[in-house]
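For reference, the structure discussed in these notes is given below.
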Amino acid sequence: MPKPDPSQNCGSPDHNIHRRKFLQGLSAGTISSMSFAGLFGAPAFAQIAKKKQKHCILLWLCGGPSQFETWDPKPGTTTGGPFKSISTKVPGTHFSELMPKCASIADKLAVIRSMKTTAKEHTEGINLLQRGHAPRPPFTRPTLGSVLAQQLGQLESKIPNFILLDPCPEGNEFKGFKAGNWAGWLGAEYSPVRVGGEFKIPDAHRLDSITEDDHEAREALRKFFSKKYENDRRSAAAGSWNATFERVNGLMSCAHLFDLERIPRADRDRYGSGAFGQHALLARTLVEEGAPFVMVANGMPWDSHVFNHEIYQMVVPDLDNIIFQLTKDLEDRGMLEDTLVIAMGEFGRSPWINQARGRDHFPDAWSLAMTGGGVQGGALVGATDKYGAEVTDNPFNEENLFATIFSALGIDPHAEFNIPGFPTFHHVENKADPIKQILS
Amino acid sequence: MNSPSLKKAKEIKLPSHVLDLTLGKDNQIYAACLDGGIYEVSAKLKLLGEAYKEIARHDNYASGVNWSAARNTLISGSYDGDLKWIDPAEKKETKTVKAHNFWSWQSRLSPGGSLLATTTGQYLCGGYKYEPAPETEPSVKVFDIETGELRHSFPHTPPVQSVAFSNNGKLLAAGNLTGEVILWDLSQNGKEIARIKTPDFTGWGIIKGHYYTGGVFALHFAPDDQSLYLAGMGSTTDPAAGNGKQLWQKFTWKDGVKKEAAAADSEIGEGLMETLAFHPGGKFFIMAGRIFKGDWNAALFDHESGSKLHHQNVGFRISASTFTPDGKTLYLAGGANQGRPSEEKKWGRIVIYEVIS
């Protein structure tokens, strides 16, 4: 299979760059980006501008990954489990022996070992770590992906601003979450487009019986009447439907970008044959094409109440390789400084082994890692006690984490959402500080 | 036959979960524990001091301990991949052999006490649905107890979690994560003679996450060596549930592989079964492990009929079992809940039962 042209895009000159961010960089004015469309026809210019776009890939380790078998090993203790620790490229920092590849690029990773949150169950934890705040009914806070889609993306983009790659259709509590309201008060246009595994983009090709001209004419007519309806009735629902139509229209020109088969075999082999690795690779290619936020999940494989060590001997090396390949590829493409990669779940796992050879949910002291744009490679913050049962240094919660992510991506973490008729909400509430030690 | 039953005689606490135990000279108990220690354990009442004494230590979980009466030595296996020869009288290690680059999941001694089989293999992603990748080293090895030399090595699909010698010492069986058991004839230079494949012990996560769990955790040849018992947990679609059946199945292979018997659904609950041992009389066997649902985690089954004869809820997860040669005593070993960690907590358990039959 031929290697794809790195300048390949959705087919429209509008997609060569992300105009809103580009314009923000050139001018603080409110000039319509549409009038600049012609500027971006030149591929070289578009390529330079594309690099200014910030991106984020969230490797969502749903179920709650064990910190002991990843970033905070405790070898030789009663809680440490059978896996040893290994030294890394950063003197004094050790990872689990299951992560030799990450150990070799530890100078590019930022690790937080002192996450301390409150949610003990999945639904609660997923909501907390996806939205960055505890629920406040009746208001539904948008997820991280939805906020980043709004902040980093552009409405007129044909490639979705929030892509969820999740090849596992199930996932217990995560399945319930997936069926819920991701975008909250931002509206449906900031919900994810879900692709992966059994979830293909259906009917994304124009029928042969309809000419291109006819297709465009129909779309113009639909857009006219829909916008008129939306304006006449001030209908948020109609607005969401219009946004959905726009998205479908965009997907018709981008569907090929979601086809794993188009990616060279050598790349696919490097990422490992498992579904998670394959979709992490797909995330990389989508980011290359301009997607601002891609979340990669795979059900809830990290929920190891049973057979913790027997499962982690497989899933952790898989993750180790995925983080390594993503980091290396983004760096090779000059995109690492503009792309934040986050690997985290909704909590960690208990120090103690239960009767089923597993580890249970543990929000008291857990770890996560980031790499790429906005974070300081080699940073290690926080610490836990000998057994990994308590945070002993620099506890951070979900608000600190979200403030860090927003800051790393150049977004004001304390900016207000402008929602008429709503109380004042902020990207991050309580003026929570970002974790400055890991910001570059 | 009168139905046998069990009467609890004593419970002993050890520093950490007991993964294996064996009986040495004069039925001296030896335990292999999660903390890496190999312990000599006293069943006698002690008013002062501990009931156990460390006699050797591995760098990782100690997964096996075996007594060779013929060589007057203990041989232990571990997740550090090492086998250790231990002189029980001197309470010291006499030899260490690197057996594997990954864990020794299980080790078993041949009936004559001259050979030791050990199994290994890391489960690594080998396909889109997380099928196990091929082995990177032989998954089954057989060592000479006298010299420590490797006598046989056999390929299998990792991880290989269980191994058993036949009662005549000629056959070797090893079972893995995906429910594949290979039988080799050691008297024919290790020729493969049968391959049992069953999906019943393996779960793949449809509900929660995509990977394989379970497998065959215990193997035991029937007294006449004409059939082989497999034990573990029945298939489950939720890898995090641990709610598969408490399962054993019996297979024959002489006229083609055939499932001959299995635990009756009406007599079993749910939970992983980790150990299966025959009573020296050969009439019945014990299967034990964890209880998830039901009313027992250790039960005696009739070899001929497969019927459950007696059951107990021991109160903790069981990983190992053995009868004394006279059949009058049963030892079950495992561990209670580890709970919040501390240096002092002793969560390993050995419970001694009088066998009444």
Legend entry - Boolean, residue A:322 is within 12 Å of chain B (Cβ to nearest Cβ) and within 18 Å of the chain's Cα centre (by Cα): yes
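Conditions tested, residue by residue: (1) within 17 Å of the chain's Cα centre (by Cα); (2) of a type in the set (Val, Ile, Thr); (3) part of a helix (DSSP H, G or I); (4) modelled with pLDDT of 90 or more.
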{"site": "A:157", "(1), (2), (3), (4)": "no, no, no, no"}
{"site": "A:164", "(1), (2), (3), (4)": "yes, no, no, yes"}
{"site": "A:174", "(1), (2), (3), (4)": "yes, no, yes, yes"}
{"site": "A:181", "(1), (2), (3), (4)": "yes, no, no, yes"}
{"site": "A:185", "(1), (2), (3), (4)": "no, no, yes, yes"}
{"site": "A:194", "(1), (2), (3), (4)": "yes, no, no, no"}
Legend entry - Residue ID - nearest to residue A:349 (Cα to Cα), chosen from residues in the range A:56-98 that are touching a helix residue (DSSP H, G or I) at 6+ places or on another chain (Cβ under 9 Å), hydroxyl-bearing (Ser, Thr, Tyr) and surrounded by fewer than 24 Cβ atoms within 10 Å (Cβ to Cβ): A:93
Legend entry - Selection from the range A:130-155 of residues that are under 16 Å from the mean Cα position of the chain (by Cα) and part of a loop (DSSP other than H, G, I, E, B): A:132, A:142, A:143, A:153
Legend entry - Set A:137, A:160, A:167: member being crowded, with 23+ Cβ neighbours inside 10 Å, over 9 Å from residue A:292 (Cα atoms) and not aromatic (Phe, Trp, Tyr): A:167
Inset, instruction - Could you tell me which residue of the range B:147-162 is farthest from the other protein chains (Cβ to nearest Cβ), considering only residues that are assigned to a loop (DSSP other than H, G, I, E, B), out of contact with any Ser or Thr (no Cβ under 7 Å at 6 or more places or on another chain) and in contact (Cβ under 8 Å) with a residue 12 or more places away in the chain? - result: B:148
Legend entry - Lone unmet requirement of (1) of a type in the set (S, T, N, Q); (2) facing chain B (nearest Cβ under 10 Å); (3) buried (at least 24 other Cβ atoms within 10 Å of the Cβ) for residue A:339: (2)
Legend entry - Sole exception among (1) within 30 Å of residue B:319 (Cα to Cα); (2) crowded, with 23+ Cβ neighbours inside 10 Å for residue A:313, by number: (2)
Inset, instruction - Please indicate, with yes or no, whether at least one residue in the range B:101-108 is among the small types (Gly, Ala, Ser) and either touching a residue at least 24 places away in the same chain (Cβ under 8 Å) or crowded, with 21+ Cβ neighbours inside 10 Å (or both). - result: yes
Legend entry - Positions within the range A:357-381 being buried (at least 19 other Cβ atoms within 10 Å of the Cβ), touching a helix residue (DSSP H, G or I) at 6+ places or on another chain (Cβ under 9 Å) and part of a loop (DSSP other than H, G, I, E, B), in sequence order: A:358, A:359, A:363, A:373, A:374, A:377, A:379
Inset, instruction - Name every residue in the range A:265-306 that is among the β-branched types (Val, Ile, Thr) and away from chain B (no Cβ under 14 Å), in order of residue number. - result: A:285, A:287, A:294
Inset, instruction - Name the single residue, out of those in the range A:382-415 being within 14 Å of chain B (Cβ to nearest Cβ) and surrounded by fewer than 24 Cβ atoms within 10 Å (Cβ to Cβ), that is nearest to residue A:362 (Cα to Cα). - result: A:389
Legend entry - Given (1) hydroxyl-bearing (Ser, Thr, Tyr); (2) assigned to a loop (DSSP other than H, G, I, E, B); (3) surrounded by 16 or more Cβ atoms within 10 Å (Cβ to Cβ); (4) free of Cβ contacts under 8 Å to residues at least 40 places away in the same chain, index of the condition residue A:424 fails: (3)
Legend entry - Output for the range B:179-204, where each listed residue is touching a Gly at 6+ places or on another chain (Cβ under 7 Å) and not small (Gly, Ala, Ser): B:181, B:184, B:197, B:198, B:199, B:200, B:201, B:202
Inset, instruction - Identify all residues within the range A:61-104 that are among the β-branched types (Val, Ile, Thr), out of contact with any strand residue (DSSP E or B) (no Cβ under 8 Å at 6 or more places or on another chain) and over 25 Å from residue A:128 (Cβ atoms); write none if there are none. - result: A:77, A:78
Legend entry - Filter result (within 14 Å of chain A (Cβ to nearest Cβ) and touching a residue at least 60 places away in the same chain (Cβ under 8 Å)) within the range B:345-357: B:346, B:347, B:348, B:349
Inset, instruction - Determine if the range A:115-129 includes at least one residue that is in contact with a Pro (Cβ under 8 Å, 6 or more places away or on another chain), part of a helix (DSSP H, G or I), at pLDDT 95 or above and hydrophobic (A, V, I, L, M, F, W, C). - result: no
Legend entry - Among the residues listed as B:319, B:342, the single one being out of contact with any Phe, Trp or Tyr (no Cβ under 6 Å at 6 or more places or on another chain), within 12 Å of another protein chain (Cβ to nearest Cβ) and in a strand (DSSP E or B): B:319
Legend entry - In the range B:169-197, the residues that are under 19 Å from the mean Cα position of the chain (by Cα) and either part of a loop (DSSP other than H, G, I, E, B) or among the basic types (Lys, Arg) (or both): B:169, B:177, B:178, B:179
Inset, instruction - Run residue A:152 past the list (1) surrounded by fewer than 23 Cβ atoms within 10 Å (Cβ to Cβ); (2) in contact with a strand residue (DSSP E or B) (Cβ under 9 Å, 6 or more places away or on another chain); (3) farther than 24 Å from residue A:256 by Cα and report the number of the one that doesn't hold. - result: (3)
Inset, instruction - State which residue is farthest from residue B:67 (Cα to Cα) when the search covers only the range B:105-137 and only residues that are of a type in the set (A, V, I, L, M, F, W, C) and within 8 Å of chain A (Cβ to nearest Cβ). - result: B:125
Inset, instruction - Kindly provide the set of residues from the range B:81-100 that are without any contact (Cβ under 8 Å) to a residue 24 or more places away in the chain and closer than 27 Å to residue B:182 by Cβ, ordered by number. - result: B:98
Inset, instruction - Inspect all residues belonging to the range B:178-187 and state whether any of them is surrounded by fewer than 22 Cβ atoms within 10 Å (Cβ to Cβ) and free of Cβ contacts under 8 Å to residues at least 24 places away in the same chain. - result: yes
Legend entry - Hey, residue B:201 under 18 Å from residue B:321 (Cβ atoms), modelled with pLDDT of 95 or more and among the hydrophobic types (A, V, I, L, M, F, W, C) or not: no
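The values are calculated or read from the model by the stated rules, or taken from the named source; none is laboratory data. All figures in this text were calculated on a predicted structure; none of them were measured in a lab. All Cβ positions, even for glycine, are placed from backbone atoms using ideal geometry, and neighbour counts span all protein chains on display.
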